Amino acid sequence: MSDLQRPKVFLLGNTDFARMDITKRNDKWKPSARIMGDVVVLPTRDVLLINGAQSGSAGRDDARDPNLNPVLYKFKGDGTDSKFTMMNPSNIPRMYHSSFAILPDSKILIARSNANPGYMDNVLFHTEVRVEKFSPHYLDPNLAQFKQEIVVEQSDNQVKFGPKFNVQIREDGAIEQAKLQVMIYSPLFTMHGISMNQRLIQLGIQKFNNGNIVLQAPMNGNIAPPGYDMLFVNYNGVP
């Protein structure tokens, strides 16, 4: 029997797309099996694991058991609980050829899934044309008080390597500079689980007064290649 005629076997995906603490007795890989997943670096420096399947392999009609649960990996934990958090699931399988993009409002655009040679509907996982917007944990309405508004017309929108530049936020209350972060994020392109030019850079805050943030621009193109970047002002972990 040729390889093309053999029945397909869908092995369970590895659960090592995660983390293990080798200093703890009987520690296990966590949090779940995932192949063909996408790894999203969020503006907060946390990481989001989305899309993919739990068994099989990458390729057309080579995977089963969609992994519908996004998983959040916290960049910084308090040491009292797991850095992994299972989040609310989607009901749309995102298998082969799934993709994502970070949006200026800090939500995640999630699209595509095509495990077939063309647009087909009479298959187990049909060609997916629906698009979703995923709201990460920092968009919880209970955290809305920390969200800062950038005053675009009073902020620099073109920056050169080296000099300082200004970003103005609409300051509605007392803001602690220690809880303030400013990030630039290059618009990314993602395909086949590989995110081309996904890059998050935290800028140094030189001065903060009356909502005006004086920032140090990247020193050269080795740190931030020339081009367009999105800018996020995070306060207390909320972009």
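Could you sort LYS160, LYS207, LYS147 by their accessible area in this structure, using a 1.4 Å probe and putting the largest first?
LYS160, LYS207, LYS147
Might you work out the accessible area of GLU171 for me, using a 1.4 Å probe with all protein chains in place, and round it to the nearest 10 Å²?
70 Å²
Contour minus end-to-end for ARG170 and PHE146, with contour as 0.36 nm per residue of separation and end-to-end as the Cα-Cα distance?
Gain on extension, ARG170 to PHE146, equals 7.5 nm.
I want to check the label-to-label distance for ASP121 and LYS8. Put each point 7 Å from Cα in the C-beta direction and report it in nm to one decimal.
Result for the modelled spin labels: 2.2 nm.
With only alpha-carbon pairs counted, each pair once and no self-pairs, how large is the Kirkwood hydrodynamic radius of region 173-239 in angstroms?
13.4 Å
Would you work out the charge dipole size for the chain about its Cα centre, treating the Cβ of every Lys and Arg as +1 and the Cβ of every Asp and Glu as -1, and quote it to the nearest 20 debye?
500 debye
Between region 148-177 and region 70-143, what is the C-alpha centre distance in whole Å?
30 Å
Report the Cα-based extents of the chain along its three principal axes, largest first, to the nearest Å.
Each principal axis gives a Cα extent; for the chain these are 73, 46, 35 Å.
Positive end of the charge dipole of region 55-203 (Lys, Arg +1 and Asp, Glu -1 on Cβ, about the Cα centre): tell me which of PRO70, ALA115, VAL151 has its Cα farthest that way.
Highest projection toward the positive end goes to ALA115.
Spelling out what I want: for every residue of region 211-222, take phi, set θ = phi - 60°, compute 6.51 cos²θ - 1.76 cosθ + 1.60 (Karplus), and round to whole Hz; glycine and proline get x.
Once θ is set to phi - 60°, the couplings for region 211-222 become x, 8, 10, 9, 10, 8, 6, x, 7, 7, x, 6 Hz.
Stretched out fully, how many nm does the piece from VAL129 to GLU153 gain, at 0.36 nm a residue minus the Cα gap?
Value of the extension gain: 5.0 nm.
With all pairs of different alpha carbon atoms counted, what Kirkwood hydrodynamic radius in Å does region 62-189 show?
18.5 Å
The values are calculated or read from the model by the stated rules, or taken from the named source; none is laboratory data. In this text, all values refer to a predicted model and were calculated from it rather than measured experimentally. Note that each Cβ is placed from the backbone with ideal geometry, even for glycine, and that neighbours are counted across all protein chains shown. Side chains included, ligands, DNA and RNA excluded: accessible areas come from the protein's heavy atoms. Shrake-Rupley method; radii C 1.70, N 1.55, O 1.52, S 1.80 Å.
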